[in-house]
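K.L.:
Take a look at the following structure, please.
Only the coordinates and a few stated rules stand behind these numbers; no lab work does. None of these values were measured; they are calculated from a predicted model. Neighbour counts are summed over all protein chains in view; Cβ atoms, including those assigned to glycine, are modelled from backbone coordinates with ideal geometry.
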Amino acid sequence: MKFVIITHVPHFVYGNSISAYAPYVMEMNIWSKYVDELIIVAPRSFQKKESIDCNYSHSKIKFIEINSFDVLSSKNTFLALLKIPIIGITIFKAMRYSDHIHLRCPGNIGLLGCLIQVFFPKKTKTAKYAGNWDPCAKQPLSYRFQKWILHNTFLTKNMNVLVYGTWNNQSKNIKSFFTATYSDADIEEIQPRKLEGQINFIFVGTLTKGKQPLYAIQLIEALKMKGFEVNLSIYGEGAEMPFLKHYIESNNLHPFICLKGNVSKETMKGVYKNSHFLLLPSKSEGWPKVIAEAMFWGCLPVTTSVSCVSSMLGFGSRGILLTEFLSDDTQNILQLLENQVAYEHKIKEAVAWSQMFTTNKFEYEIKKLVAS
């Protein structure tokens with residue numbers, strides 16, 4: 001089987017080695033176990049490879065480079081109009097050559113893929129919509145258009161569309177799905193941490209305004225002012241890093257808040273195991289893998305109610321849902337910090353839920369999709 005991936009994720013190419021963002025590649029390595037030939041149609045990155053990137057593991061792999069594009073300015077829109085025909089032809093040829101078409105959405109490349117797949121109604125197809133599928137969510141027009149095409153079974157035939165969460169009034173090709181990081185072999189008995197002495201909070205994610213790392217910092221500031229021995233370690237890189245660094249230094253927060261940058265999967269496992277809470281006040285998510293990862297190791301999520309996150313947290317039974325009002329959120333966290341029994345109950349619920357979604361179960365479901 002010739003399996004083609006259409007994606008906006010930038011890839012590093014060094015000789016026969018092809019790599020990209022580790023969580024994405026680790027997932028695609030599971031898909032590729034059940035195909036004979038893997039074709040990747042994606043932009044190429046010439047940036048320095050980082051610890052958060054990893055290699056594809058398939059023995060027969062082909063990389064087809066395309067340009068990335070955006071329409072965020074008049075100049076970029078003009079350049080996009082020049083690029084799109086060539087990108088579209090490249091995607092069309094790759095789809096024609098393949099036996100199974102796999103789209104990664106949302107994104108500009110995913111949008112082109114959604115349009116071009118219409119010309120291949122008989123080919124087996126899957127799409128992974130890694131964003132917020134909530135029909136009521138306020139999203140850019142391009143995202144809503146992709147969702148409409150994928151949802152439309154007249155235009156989109158012979159495709160399973162994998163989305164996060166369960167939503168009303170969905171077409172028959174929309175399938176609620178999940179993602180996973182750890183295997184059945186990783187499952188351990190987790191003992192809830194004691195809420196005494198220093199309480200460890202972590203933020204894990206890209207440092208962008210949408211992820212709201214500043215709000216996480218402000219929550220820790222507020223808890224500190226209430227007299228609690230709390231600290232926050234921030235894991236990730238991004239455009240907000242210089243601003244956050246300046247904010248921490250200007251407000252003399254470095255004794256209890258630190259920026260850690262990107263670290264490996266194995267390092268993060270130890271971090272989760274030694275932390276009490278994960279703070280993720282994000283504005284938009286699909287299935288935030290860091291929440292499931294934290295829960296797997298007994299680190300309780302404190303996060304906003306976006307996409308399917310409320311369901312992941314059992315609507316508050318296995319975490320804390322933020323209101324984004326600082327005083328209210330501070331008070332809700334304080335109440336749990338003062339209640340060890342309630343904290344332990346939530347941790348046990350969180351661990352039990354997360355450990356149901358392992359890579360073993362994920363691979364079992366993927367195998368069925370590829371074989372269908």
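K.L.:
Quick check on the chain: helices-only [θ] at 222 nm, where DSSP H runs of length 4 and up contribute -39,500 (n - 2.57) each and the sum goes over total residues. Nearest 500, please.
P.N.:
Only helices count here, giving -11500 deg cm²/dmol.
K.L.:
With the cut-off at 17 Å, report for the range 81-202 the share of all Cα pairs above it, as a whole percent.
P.N.:
When every Cα pair of the range 81-202 is considered, 64 percent fall beyond 17 Å.
K.L.:
If you don't mind, another one. Going by alpha carbons, how many degrees (0 to 90, nearest 10) lie between the helix axis of 326-337 and the longest principal axis of the chain?
P.N.:
70 degrees
K.L.:
Between LYS209 and PHE78, what is the spin-label point distance in nm, taking each point 7 Å from the Cα along the Cα→C-beta axis?
P.N.:
2.6 nm
K.L.:
How big is the C-alpha Rg of the chain next to the rule-of-thumb value 2.2 N^0.38 Å, as a ratio?
P.N.:
Taking N as the residue count of the chain, the ratio is 1.03.
K.L.:
Could you please report the charge total around ASN158, scoring K, R as +1 and D, E as -1 over all other residues with beta-carbon less than 9 angstrom from its beta-carbon?
P.N.:
Overall, the nearby charge balance is +4.
K.L.:
Once fully extended, how much extra length lies between SER57 and VAL263, figured as 0.36 nm per residue of separation less the alpha-carbon to alpha-carbon distance?
P.N.:
Result: 72.0 nm gained on full extension.
K.L.:
Let me know the charge dipole size of the chain about its Cα centre in debye, to the nearest 20, where only the beta-carbon of Lys, Arg (+1) and Asp, Glu (-1) is charged.
P.N.:
The dipole magnitude comes to about 1580 debye.
K.L.:
Taking R0 as 25 Å, what's the FRET efficiency between PHE154 and ARG96 from their Cβ-Cβ distance, rounded to 0.05?
P.N.:
Efficiency, from the Cβ-Cβ distance: 0.70.
K.L.:
How big is the range 273-372 along each principal axis, measuring the range of its Cα positions in Å and listing the largest first?
P.N.:
Between the extreme Cα coordinates on each principal axis of the range 273-372 lie 51, 27, 21 Å.
K.L.:
By the scheme Lys and Arg +1, Asp and Glu -1, what is the net charge of all other residues having a beta-carbon under 12 Å from that of PHE228?
P.N.:
That works out to -2.
K.L.:
While we're looking at this one, here's another question. Considering the chain as a Gaussian network with a 10 Å cut-off on Cα pairs, which listed residue, ASP186, ASP53, ASP99, attains the greatest mean-square fluctuation?
P.N.:
Greatest mean-square fluctuation among the candidates belongs to ASP186.
K.L.:
May I ask for the net charge around ILE89, where only other residues with Cβ less than 14 Å from the Cβ of ILE89 are counted and Lys, Arg are +1 while Asp, Glu are -1?
P.N.:
Net charge around ILE89: +2.
K.L.:
Between 0 and 90 degrees, rounded to the nearest ten: what's the tilt of helix 213-225 against the longest Cα principal axis of the chain?
P.N.:
Result, in degrees: 10.
K.L.:
Same structure, new question: Relative to the present Cα-Cα distance, how much length would full extension add between LYS172 and SER310 at 0.36 nm per residue of separation?
P.N.:
Net length gain for the segment: 47.3 nm.
K.L.:
Past the 21 Å Cα-Cα mark, which pairs from LYS211/LYS260; LYS194/LYS245; LYS48/LYS260; LYS128/LYS361; LYS283/LYS348; LYS289/LYS361?
P.N.:
LYS194/LYS245; LYS283/LYS348
K.L.:
Right, something else. Testing the spin-label approximation: label points 7 Å from Cα along Cα→Cβ at VAL71 and PHE243. State their distance in nm.
P.N.:
Spacing of the two 7 Å Cα→Cβ label points: 2.6 nm.
K.L.:
log₁₀ I(q)/I(0) of the range 185-354 at q = 0.13, 0.20 Å⁻¹, via Debye over equal Cα point scatterers, no solvent, to two decimals?
P.N.:
Values, matching the q order: -0.57, -1.49.
K.L.:
Sticking with this structure for a sec: I need the P(r) histogram for the range 1-157: all alpha carbon pairs, bin width 5 Å from 0 out to the longest distance, whole percents.
P.N.:
Each 5 Å bin holds this share of Cα pairs: 2, 9, 18, 21, 21, 16, 9, 3, 0, 0.
K.L.:
Antiparallel DSSP bridges in the chain: what percent, to the nearest 5?
P.N.:
Rounded to the nearest five, the antiparallel share is 10 percent.
K.L.:
If you don't mind, there's one more thing I want to ask. Charges on Cβ only, +1 for Lys and Arg, -1 for Asp and Glu, centred on the Cα centroid of the chain; of SER354, TYR272, PRO140, which one is farthest towards the dipole's positive end?
P.N.:
Farthest along the dipole direction, towards plus: PRO140.
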